[in-house]
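Participant: Quick one: the structure is below, questions incoming.
Derivation of every value follows stated rules applied to the coordinates shown; laboratory data play no part. Only a predicted model underlies this, so the values are computations on that prediction, with no experimental measurement involved. Cβ: placed from backbone, ideal geometry, glycine included. Neighbour counts: every protein chain shown.
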């Protein structure tokens, strides 16, 4: 089995450096419960008894609700889905949605969607509406620096100048936290310098590490300085960072995020069902590589059968020793420790 870029055997991947120690709350959790805890899962259609039964079995730690899945027609429907699945989880369930404002917005009339929020106050209004439905996590802010109007992120980013984007990102994180929600800065290490969508194929960004550091990293540093809870990794190929693997499957990315930027929160993947991954690597295998590389939560956005196979692959990797149980413990501990708190910029 080859990695996402098709150049290096999986066997050569070694676990990423561990983050700073976190008091482990995993005592008493079974292996199955820990595997479920590190997965954020979405499903298509309304909630059914079979979905509830599947959820009860796998005990997923994250629930993703997005428009494409058509889980409900309004706020009350979505709220019912969240509460019913939360009731069958024996441990924490983080309910999340892609809420950026503007073009990426949950189709619920009670949530402001006219434009991307600018500033803390507008963000808090948007995030408060999400909180009232039952969400815990807003998958934002988009922290990418767009290279121009040809960027695939144009209309979703806060500009082309990292000096201007960075304070905008800090204000959005503060606004999300003021509403009592968790935030997720995305798409690390930067999705703004490509016209390719990772929904269909893997974007390649041929920039130097110096350019990555000066252009792409400052907004993520701002998000981290304001206490962002998650950083979401993009499906992106940066040869300067790792010439063999996509950034989200590379320990080099985790090291950059943990050691250079000092991030101590939880690392979330983008959807492992995207073409950027599945064109070369099945989602279950990619999920294992991602966790070995230092990720904490794996996203499977649309299909419960894929989520089930991913669950089995992660469990098998732990049982074989390929994915150390200690690495799984770290991931669960990082997720359990998350609390939406305001943090003064460093």
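Participant: Taking a point 7 angstrom from the Cα of residue 73 along the C-beta vector, which residues in the stretch 86-121 have backbone N less than 18 Å away?
Facilitator: 107-111
Participant: Place a point 7 Å from Cα of residue 278 in the direction of its Cβ. Which residues in the stretch 46-69 have their backbone N less than 18 Å from it?
Facilitator: 64-69, by backbone N distance to the label point.
Participant: Let me ask something else about it. Quick check on packing: order 248-255, 300-307 by the mean number of other C-beta atoms within 10 Å, highest mean leading. Walk me through the numbers before you get to the answer.
Facilitator: Details: 248-255: 24.1, 300-307: 20.1.
Top to bottom by mean Cβ count within 10 Å: 248-255, 300-307.
Participant: Need one number: nm distance between label points at residue 150 and residue 339, each 7 Å from Cα along Cα→Cβ, rounded to one decimal.
Facilitator: According to this spin-label approximation, the distance is 4.8 nm.
Participant: Relative to the compact-globule scaling 2.2 N^0.38 Å, provide the ratio for the alpha-carbon radius of gyration of the stretch 109-173.
Facilitator: Values: Rg = 12.6 Å, N = 65, 2.2 N^0.38 = 10.7 Å.
Against the empirical 2.2 N^0.38 Å value, I get 1.17 for the stretch 109-173.
Participant: With both partners inside the chain, how many of the DSSP beta bridges are antiparallel, as a percent to the nearest 5?
Facilitator: Numbers: 2 of 26 bridges.
If we restrict to bridges inside the chain, about 10 percent are antiparallel.
Participant: Could you grab the relative contact order for the stretch 65-336? Cα pairs under 8 Å, six or more apart, rounded to a whole percent. Intermediate values should be presented prior to the final figure.
Facilitator: Working: 520 pairs, mean separation 36.5, N = 272.
Over the stretch 65-336, the number comes to 13 percent.
Participant: Further question on the same structure: Please order 56, 278 by the number of other Cβ within 10 Å, starting at the fewest.
Facilitator: Going from sparsest to densest Cβ surroundings: 56, 278.
Participant: Taking the mean number of other Cβ atoms within 10 Å as a proxy for protection, how do you rank 84-90, 200-206 from highest to lowest? Mind dumping the intermediate values first?
Facilitator: Values: 84-90: 14.9, 200-206: 16.4.
Peptide ranking by packing, descending: 200-206, 84-90.
Participant: Using only Cα atoms, figure out Rg for the chain and give it as a multiple of 2.2 N^0.38 Å. Could you put the intermediate results ahead of the total?
Facilitator: Numbers: Rg = 18.4 Å, N = 346, 2.2 N^0.38 = 20.3 Å.
Ratio of Cα Rg to 2.2 N^0.38 Å: 0.91.
Participant: So, one more: Taking other Cβ within 10 Å of each residue's Cβ, how do 55, 154 sort, fewest first?
Facilitator: 154, 55
Participant: Tell me the mean residue ellipticity at 222 nm calculated for the chain from its helices only (DSSP H runs of n ≥ 4, each -39500 (n - 2.57), averaged over every residue, nearest 500). Mind dumping the intermediate values first?
Facilitator: Details: 11 runs with 119 residues, N = 346.
It lands at -10500 deg cm²/dmol.
Participant: Any idea how far apart residue 50 and residue 211 come out in nm if each label point goes 7 Å out from Cα toward Cβ?
Facilitator: Those two pseudo-labels are separated by 4.9 nm.
Participant: Another question about this same structure. Fewest to most neighbouring Cβ within 10 Å: what's the order for 246, 79, 320, 195? Mind dumping the intermediate values first?
Facilitator: Values: 246 29, 79 17, 320 8, 195 13.
Going from least to most buried by this count: 320, 195, 79, 246.
Participant: Kirkwood Rh over alpha-carbon pairs of the stretch 143-268, then Stokes-Einstein at 10 °C and 1.306 mPa s: what D in µm² s⁻¹, rounded to an integer?
Facilitator: Values: Rh = 14.4 Å.
The calculation lands on 111 µm²/s.
Participant: Separate question: Taking the simple approach of a point 7 Å from Cα along Cα-to-Cβ for both residue 204 and residue 110, what is their distance in nm?
Facilitator: 4.8 nm
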